[in-house]
1. Can you give me the solvent accessible area of residue 147 with a 1.4 Å probe, rounded to the nearest 10 Å²?
2. Please report, as a whole percent, how much of the solvent-accessible surface of segment 1-70 comes from carbon and sulfur atoms (probe radius 1.4 Å).
3. How large is the dipole of segment 58-216 about the Cα centre if only Lys and Arg carry +1 and Asp and Glu carry -1, each at its Cβ, rounded to the nearest 20 debye?
4. Where does each of 60, 99 land when they are ordered by accessible area, with a 1.4 Å probe and the largest first?
5. Would you rank 120, 93 by solvent-accessible area, highest first, keeping every protein chain in place and using a 1.4 Å probe?
6. Determine which residues of segment 12-28 fall in the zone a paramagnetic label at residue 47 would reach in this model, i.e. backbone nitrogen under 14 Å from the point 7 Å along Cα→Cβ.
7. Give the angle, between 0 and 90 degrees and rounded to the nearest 10, that separates the Cα long axis of helix 184-201 from the longest principal axis of the Cα atoms of the chain.
8. With each label point set 7 Å from Cα along the Cα-Cβ vector, what nm distance links residue 207 and residue 136?
Amino acid sequence: MFGKNKILKVENHLGDFLMVVNIFKTLQGEGPFSGEPAIFVRLGGCNLKCSFCDTEFDNFERINLNDIVQKINTEISKDNIKLIVITGGEPLRQPIEKFCGKLLELGFKVQIETNGTIARKLPPEVHIVCSPKITNKKYNISENLIKYADSFKFLLSSEGDYKLVPKLECSKPIYVQPIDSYNQQQNLLNQKYTMKVALKYGYIYSIQQHKILNIE
């Protein structure tokens with residue numbers, strides 16, 4: 001999208017349906033479950049615009065929860081996949097509480113990837129990975145997300161706003177990941193800068209494995 005997406009407001013309804021971009025089987029490419037087989041449920045729309053975002057999430061359709069679960073089971077087929085990743089866009093823009101509960105009842109492990117600006121009361125078993133974004137020269141994170149997130153993933157660049165070093169007063173795992181600038185020379189600078197930050201602050205270096213493997 002590269003910052004060309006529409007900014008959509010938070011939706012509040014019973015959560016019997018969701019706006020879905022696609023559902024697909026892949027490997028989780030980054031963060032705490034990196035390398036683990038997973039079913040991704042990409043939800044539509046975001047409440048932010050990020051110039052470096054390379055994900056398409058404005059084309060979506062309304063799907064009932066039972067149909068979403070059926071699509072997940074179809075994707076899994078005979079594979080032994082236990083991880084469901086709910087991402088976007090911004091997944092917490094939609095009321096996903098009921099969906100998360102249904103997945104947990106079915107025995108799945110559930111991970112949410114959120115930008116941290118919206119808080120919802122999710123089941124405690126849901127693993128929340130918060131990847132904060134910068135607005136007005138600072139990271140914008142809901143206080144509730146700092147409290148309930150299981151881990152944090154910060155995107156870093158050697159130049160511009162995302163050179164800002166993340167600092168959180170919490171004992172939760174913090175991942176740092178170089179931004180893909182789609183420029184080989186700049187990417188090398190981003191990688192070196194991110195490594196420098198990881199070494200200095202004891203953060204965990206994360207890379208986008210799915211791009212190396214050329215998978216979704």
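1. For residue 147, the solvent-accessible surface is approximately 130 Å².
2. 50 percent
3. Computed charge dipole of segment 58-216: roughly 480 debye.
4. Highest to lowest solvent-accessible surface, that is 60, 99.
5. Most to least solvent-accessible, the answer reads 120, 93.
6. 12-13
7. Roughly 90 degrees between the two axes.
8. 3.8 nm
The values are calculated or read from the model by the stated rules, or taken from the named source; none is laboratory data. Please read these numbers as outputs of a predicted model, since none were measured by experiment. Here the Cβ is made from the backbone with ideal geometry for all residues, glycine too, and neighbour counts use every protein chain on show. Heads up: the accessible areas ignore ligands, DNA and RNA and are worked out on the full protein's heavy atoms, side chains in. Shrake-Rupley method; radii C 1.70, N 1.55, O 1.52, S 1.80 Å.
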